[in-house]
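Quick notes on the structure that follows.
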Amino acid sequence: MPAGEVSATVTNLRSEQGQVLACLTARPGAFPDCEKDPEARTLILKAEEGMQLDFGRVPTGRYAIAIVHDENGNGRLDKRLMFPREGYGFSRNAPIGFGPPSFRSAAFAVEREPEHQSIKMRYLF
């Protein structure tokens, strides 16, 4: 099956504390947390400005990436009154409304050529 490499650069981290949780999925119903996709690619890496995420080779198709800056290292996105207290970001820097963006607005095509995304971390608090 043809495949392409998927990678991303993460920018705009407000600190290098904690870790970055990232997931790549091709299933719209599993975006943004990827829990409902057993084939999702997930990464947990030490937080570092300009860090590179390497998801490896994936089958051709449409994918979306969601990332969280887990500053306290508890393995999840902390919220205050339903609003994220930690940083988050999405492929294509998809616009945020009330809640996360749709899969469609964050999705990008993966063909045989490498696909690289640049994701800007966002913070509400």
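Where only protein heavy atoms count, and the probe is 1.4 Å, what is the accessible area per residue for region 1-65 in Å²? Present the calculation step by step, with values, prior to reporting the outcome.
Working: 3480 Å² over 65 residues.
Dividing the accessible area of region 1-65 by its residue count gives 53 Å².
Considering helices alone, the calculated mean residue ellipticity of the chain at 222 nm is -500 deg cm²/dmol, with DSSP H runs of length four and up weighted by -39500 (n - 2.57) and normalised per residue. Between the residues ALA66, MET121, PHE83, the greatest Cα displacement towards the positive end of the dipole of region 58-121, with unit charges on the Cβ of Lys, Arg, Asp and Glu, is found for PHE83. What's the extension gain from GLN52 to ASN12 if we count 0.36 nm per residue and subtract their Cα-Cα distance? Length difference between fully extended and current span is 13.1 nm.
Net charge of the neighbourhood of ASP33, taken over other residues with C-beta under 15 Å away and scored Lys/Arg +1, Asp/Glu -1, is -1. Here the chain has 52 percent of its accessible surface on carbon and sulfur atoms, given a 1.4 Å probe and all protein chains in place.
Measuring between their Cα centroids, region 57-125 and region 10-37 lie 5 Å from each other. Basic side chains Lys and Arg get +1 at the Cβ, acidic Asp and Glu get -1 at the Cβ, and with that the dipole of region 5-76 about its Cα centre reaches some 240 debye.
Note that region 94-101 has calculated 3J(HN,Hα) couplings of 3, x, 9, x, 8, x, x, x Hz, one per residue in order, obtained from phi through the Karplus relation 6.51 cos²θ - 1.76 cosθ + 1.60 (θ = phi - 60°); glycine and proline are x. In this structure, the amide hydrogen of ILE65, modeled 1.01 Å from its nitrogen in the peptide plane, lies closer than 5 angstrom to those of SER91, counting only residues at least 5 positions away or on a different chain.
Using 0.36 nm per residue of separation minus the Cα-Cα distance, give me the extension gain between ARG76 and LEU124 in nm, one decimal.
Numbers: separation 48, 0.36 × 48 = 17.28 nm, distance 1.62 nm.
Result: 15.7 nm gained on full extension.
Taking Lys and Arg as +1 and Asp and Glu as -1, the other residues whose beta-carbon sits under 11 Å from that of PRO114 total -3.
Shown are TYR123, TYR63, whose ranking by accessible area with a 1.4 Å probe and every protein chain present, most to least, is TYR123, TYR63.
The values are calculated or read from the model by the stated rules, or taken from the named source; none is laboratory data. The structure displayed is predicted, hence computed values, not measured ones. Backbone-built Cβ (ideal geometry, glycine too); neighbour counts: all protein chains shown. Only protein heavy atoms, including side chains, enter the accessible area calculation; ligands, DNA and RNA are left aside. Shrake-Rupley method; radii C 1.70, N 1.55, O 1.52, S 1.80 Å.
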